[in-house]
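So the structure is just underneath, and the comments pick up after that.
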Amino acid sequence: MQFSANGQALAYLVSAILFILALKGLTHPGTARKGNYYGMLGMLIAIVATLLGAEVKSYGFIIAGVAAGGVIGGILAARVRMTAMPQLVAALHSFVGLAAVLVAVGTFLNRREAGMLNPVLMGELSAGIVIGAITFTGSVIAFGKLQGLISGAPVRFRGQHPLNALIALVTIALAVHFATTGSAVSLGLMTVLALLIGVTLIIPIGGADMPVIISMLNSYSGWAAAATGFTLHNNLLIIVGALVGFSGAILSLIMCRAMNRSIFNVVFGGFGGSGTAEASAVTAAAEKGVKSASVEDVIYWTEDADKVIIVPGYGMAVAQAQHALKELMELLEERGVKVLFAIHPVAGRMPGHMNVLLAEADIPYDHVLEMDEVNPEFPTADVVLVVGANDVTNPAARSDPSSPIYGMPILEVGKARQVYVIKRSMRPGYAGVDNLLYYQDNCSLVFGDAKAVCEGLVNALKGGGH
């Protein structure tokens, strides 16, 4: 069986519609599962239509590639924890970028041998190589920062921005020369410099900006795919690449607005580090004038409260405490306590990180409120339980003009009657700045692993509380 050109075009159109519906479904937790199904069905149709197209002459290498990729993907899906999802996404972006580079180079070599090169094609190849190379090395650096293989602190040096600008101008000049002459030397130099730009663009980005960078790299991977679509004359790849490119860019802008920062400031600035842990969390807290509390203290306040708001953060993800929080929510609700979850747009290490973890624990969607929805709730909350979140609750964003996070909208947890923060130590958050919340009179820190503390709260409630 073989698809005609018209049949393949129709299948691609159906796939494109399904991909659009998938993006629409992914805009809300309640429809995300359906959106995933649309996306999977669209991809299945696209793959079948491509394999049955007239341009496919042999299936040997295709079957081998699909089998190898399927095995690797299956192993990753089974082994990768939710806490490692941001770096996995970064790694997958790097694959898209590398694929764009390899396809462009392979197309150049094949067309040159057949004498079928032309300026339009060469321009498409230049775009695919430059965007793909930047995406590849940029994603590798992001993966290294998220995985802890390299420091999450920004790496900056004098003349960094002028150097980046110079490399970019030379890369563009080489791309134009390659497009007009077909010079293999220009191709090689352009590729090397584009790979270098990916490194120099991402190394000055601090940990606090990583969610935006992951989103930006997603956008880059989309544009790389679209450029590859032009090279291969594949309309579906062009459509899907444009969808991913635009949606990633829009998401990045939304997240920057949530941090009150410009996209240029994030991409070319960077702030924050990773801090260092103290030997004794309680001792360090006492030295700084920060109050510590126990599980019993938290229970005393929460079991008779009218409203409790839980603020999840990366610490919850690392400890995998979301299931214990689900049980805690159910026990409090049995006592007539209203429980809400507050989500900051850039909490965690990637867009939607906390939403995914809470959905994994089957926490009802109507209990999960975004920042703008939940901030008016804090003044009427008896207790706020912050589970591993840090920078997104820091009042320095409003009160300290010298702070690198100044101007970033935050979850206004300090307005609640009592705040408890679960932390392992007094180390700062990913932005590397001290959290002024911890010095407020109504705030106490509960030191320990988030899962162990939350399970302790659950057991105390089951045992009758205080």
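Values in this text are rule-based calculations from the coordinates and carry no lab data. Please read all numbers here as calculations on a predicted model, not as lab measurements. Backbone-built Cβ (ideal geometry, glycine too); neighbour counts: all protein chains shown.
Quick notes
- Sites Ile167 and Asn442 - FRET efficiency at Förster radius 56 Å, r taken between beta-carbons, to 0.05: 0.65
- Greater than 31 Å apart at Cα, pairs in Lys24/Lys462; Lys415/Lys462; Lys338/Lys451; Lys34/Lys326; Lys415/Lys451: Lys24/Lys462
- Calculated FRET value between Asp400 and Arg33, using beta carbons and R₀ = 30 Å, to 0.05: 0.10
- For the stretch 83-268, the dipole from Cβ point charges (+1 on Lys and Arg, -1 on Asp and Glu) about the Cα centre works out to 320 debye, to the nearest 20.
- The relative contact order of the stretch 1-79 comes to 34 percent, based on Cα pairs under 8 Å that sit 6 or more residues apart.
- Arranged from fewest to most other beta-carbon atoms within 10 Å of their beta carbon, Lys338, Lys423 become Lys338, Lys423.
- Ordering Ser444, Val295, Leu121 by Cα displacement along the dipole of the chain toward the positive end leaves Leu121 in first place; charges were set at the Cβ atoms of Lys, Arg (+1) and Asp, Glu (-1).
- Helix-only mean residue ellipticity at 222 nm for the chain, each DSSP H run of n ≥ 4 adding -39500 (n - 2.57), per residue, nearest 500: -20000 deg cm²/dmol
- Annotation: amide H of Val386 within the under-5 Å range of Val311, Tyr420, Val421, Ile422, sequence separation 5 or more or interchain, hydrogens built in the peptide plane.
- Under 5 Å, built H, 5+ apart or other chain: amide partners of Phe341: Ile310, Val368, Leu369
- Given 10 as the ceiling on other Cβ atoms within 10 Å, longest exposed-site-free region of the chain for chymotrypsin sites (Phe, Trp or Tyr not before Pro) in DSSP loops: 158-466
- Nonlocal amide H pairs with Val155, under 5 Å, H built at 1.01 Å: Ile205
- Basic side chains Lys and Arg get +1 at the Cβ, acidic Asp and Glu get -1 at the Cβ, and with that the dipole of the chain about its Cα centre reaches some 1340 debye.
- Take the Cβ atoms of Leu232 and Ser151, set R0 to 45 Å, and the FRET efficiency comes out at 0.70.
- Acute angle (nearest 10 degrees) that the helix 210-232 long axis makes with the longest principal axis of the chain, alpha-carbon atoms: 20
- Order of Val384, Val453, Val458, Val14 - criterion: other Cβ atoms within 10 Å of each residue's Cβ, fewest first: Val14, Val458, Val453, Val384
- Rounded tilt (10° steps) of 160-181 against the dominant C-alpha axis of the chain: 20
- When the charge dipole of the chain is built from unit charges on Cβ atoms (+1 for Lys and Arg, -1 for Asp and Glu) and taken about the Cα centre, the candidate among Tyr406, Leu21, Val346 whose Cα reaches farthest toward its positive end is Leu21.
- Given (i) 25.0, 83; (ii) 22.2, 72; (iii) 20.9, 62, the label whose value is Rg and Dmax of the Cα atoms in Å derived from this model: (i)
- Principal-axis tilt of helix 119-147 within the chain, Cα atoms, nearest 10 degrees: 30
- Relative contact order computed over the stretch 281-462 (Cα-Cα under 8 Å; 6+ residues apart), in percent: 31
- Under the convention that each Lys and Arg Cβ holds +1 and each Asp and Glu Cβ holds -1, the size of the dipole of the stretch 281-462 around its Cα centre is about 560 debye.
- Relative contact order %, the chain, counting alpha carbon pairs below 8 Å whose residues are six or more apart: 14
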